[in-house]
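For reference, the structure is listed below as structure tokens.
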Amino acid sequence: MKRTLYKNLKLKLISITLAMSIGPLILLGGGIYYQFGKLYKERIEDQIRHMARSQSNAVDVFLRERTTILAMIVETHTFESLKDQDNLSRLFRLINRRAEGLGLVDLGVIDDQGRQLAYAGPYSLKGLNYYQQPWFDEAMRRGKYISDVYMGFRQVPHFIIAVKGETGNSSWILRATIDSDIFNRLVRSAQVGTSGDGFIVNRQGVFQTSPRFDGVILGDSKIDTQKFGEGTTVIEKKVPGSDTRYIGGSWLKDGDWVMVISQIAGQEKGWLVRARNTEILIIAIGCLVICSAIVLISHILVRHLEQTDKEMNELNSQLIQQDKLAALGKMAAGIAHEINNPLAVIGEKAGWMEDLLAEEEFRNSVNYQEFAASIAKIEEHVDRARKITHSMLGFARRMEPRLDDVEINRVLDQTIDIMANHARINDIEIRKHFTDRLPVIASDQSQLQQVFMNLINNAIDAIGSNGTIDITTQLDKDSINIIIRDDGPGIPEAIKKKIFDPFFTTKQSGKGTGLGLSISYSIIEKMGGRITVESSEGKGTAFVVSLPVVLPEKK
Ligand SMILES: Nc1ncnc2c1ncn2[C@@H]1O[C@H](COP(=O)(O)OP(=O)(O)OP(=O)(O)O)[C@@H](O)[C@H]1O
Ligand SMILES: [Mg+2]
């Protein structure tokens, strides 16, 4: 009953303090975790946006440079000179020698009917007709044109830059093929880290350069380019598993192509994620420390409380006992006083009647024996009643113990001697286990004797006949213990609490007063000691008297 009470209290204490301390910590941890996540996302988005923008700028510059060169050639050369094969070849060699990294694979001059009049380059494409090619039309219309990547006559992916020239009222086109290796290398420089990819797709989502993962040049990228808004946009895409791929797109080539940069979040974590993990670790350790501290403190607290409660209870029961004795003391004083006088008169009259019986006239009476027996009975019972009132007055007076030099072992020896006969008649053996280390103490010898007598008497009464009483003395730290143990029937749990109560007895009426233990209790208490009882039913009972070691003053 009590145990579960303390257990519940402990549980409540632990759960409330846990909630109060761990709750905010977890909230704080969650907040920081969320902030880290946000910061990380912003950072990676910034990074991708920046990369997409600068990469698209670089590609734009690349394309513009080549377009400008072609435009300058068109401006500075006539159609007549360029359509001359020798002139064109010379010009081509010159350009390649002077500007090697330009990446021009070939040059061609095409008239307004789509015929290639002159061609300089590694293929033999002279005389081919480009009228049907989609770029031809666009170039004629716009003046300058950069095509998408396509296979063309040579069946390798490439793209061309075409610039229109005008001579009189006829138009022509100077066309150059761009080295897709050089172009691809430029774009691929954006493929960073382990998961970063960089490539170009056209408006329809077709790869214009080779992506690093999932796809080939001219394949479908499955990217919806409509999702990329003005300027540079970053979109998020969940990938199978738990990571997110961030895709940044920046338009280039007048909105024909998109430079795409993509990166999986989580793989390029770096310091942010390390910091976040450290934070989680610190908070977890903090939680652990707090938890164990709370459990420990609650345990100590509740145990302390339990202990205090126990002591309080003991103190309470002692106080109750003292109260009872005090109340009894008052009552006893009154009763004893009132009864003592009539008792004295009865006793005196009985004595006088006894004297009278000794005279001749009564002696010869027929009922002499009857009278004599009755008077003896009266005297016996008056004596008994006097003893009781005497004991009761013992309470009332609350006699202060007289201080003699007492050797406990000797007092016990004397008491046992007095009781020996009574014990022997009942076949009870009294065994002594005395320590000889006991100091002489200052105490009241006759009161102690009364206590020991009461206890030994009780033991003999409890055993009835045939048994053993063990009497032990011990020296504790600052007390002397006297243990009187019998192998009698023991004390039932139900009455254990009452045995020190005045007038509590289980003996037949007339046999016991029920005052023995209560008087003993008050005597020992006044001496600053304690009487306790240990008993198990069927096995026996032990009364322990503890007396403080009070050394006699030197005379
Ligand atoms: N050693 C013991 N073994 C078993 N029961 C005991 C023992 N000592 C005391 N008791 C129980 O405690 C009760 C009270 O004891 P207490 O000495 O106060 O009164 P009593 O012995 O009944 O009467 P009185 O002391 O006047 O003869 C006893 O009646 C008995 O039931
Ligand atoms: Mg008794």
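The values are calculated or read from the model by the stated rules, or taken from the named source; none is laboratory data. The structure displayed is predicted, hence computed values, not measured ones. Positions of Cβ are generated from backbone atoms using ideal geometry, with glycine treated the same way; all protein chains shown enter the neighbour counts. The protein model used for the area step is the full one, side chains on, heavy atoms only, and it has no ligands, DNA or RNA in it. Shrake-Rupley method; radii C 1.70, N 1.55, O 1.52, S 1.80 Å.
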Inset, instruction - Calculate the length of the line joining the C-alpha centroid of segment 106-136 to that of segment 270-293, in whole Å. - result: 69
Inset, instruction - Mind checking the per residue accessible area of the chain for me, 1.4 Å probe, whole number of Å²? - result: 58
Legend entry - Convex hull per residue volume in Å³, alpha carbons only, for the chain: 299
Legend entry - Listed residue (I495, H433, S509) projecting farthest to the positive dipole end of the chain, Cβ model: I495
Legend entry - Loop-located GluC sites (Glu not before Pro) in segment 334-363, at most 16 other Cβ atoms within 10 Å (DSSP): E359
Inset, instruction - List every residue whose amide H lies under 5 Å from the amide H of L515, counting only residues 5 or more places away in sequence or on a different chain, with H placed 1.01 Å from N in the peptide plane. - result: F503
Inset, instruction - Determine the equivalent ellipsoid of segment 285-405 by diagonalising the alpha-carbon gyration tensor, then write out the semi-axes as square roots of 5 times the eigenvalues, largest first, rounded to whole Å. - result: 66, 15, 11
Inset, instruction - Hey, could you grab the Kirkwood Rh for segment 77-181? Inverse mean 1/r over distinct alpha carbon pairs, Å, one decimal. - result: 13.7
Legend entry - Accessible surface of segment 491-555 [probe 1.4 Å, protein heavy atoms]: carbon and sulfur percent: 54
Inset, instruction - Could you please state, rounded to a whole Å, how far the C-alpha centre of segment 310-375 is from the C-alpha centre of segment 51-75? - result: 134
Legend entry - For segment 399-548, Kirkwood radius (reciprocal of mean inverse C-alpha pair distance, Å): 15.6
Legend entry - Spatial separation of Cα centroids for segment 164-181 and segment 477-504, in angstrom: 124
Legend entry - Cα-based Rg of segment 344-451 normalised by 2.2 N^0.38 Å, two decimals: 1.64
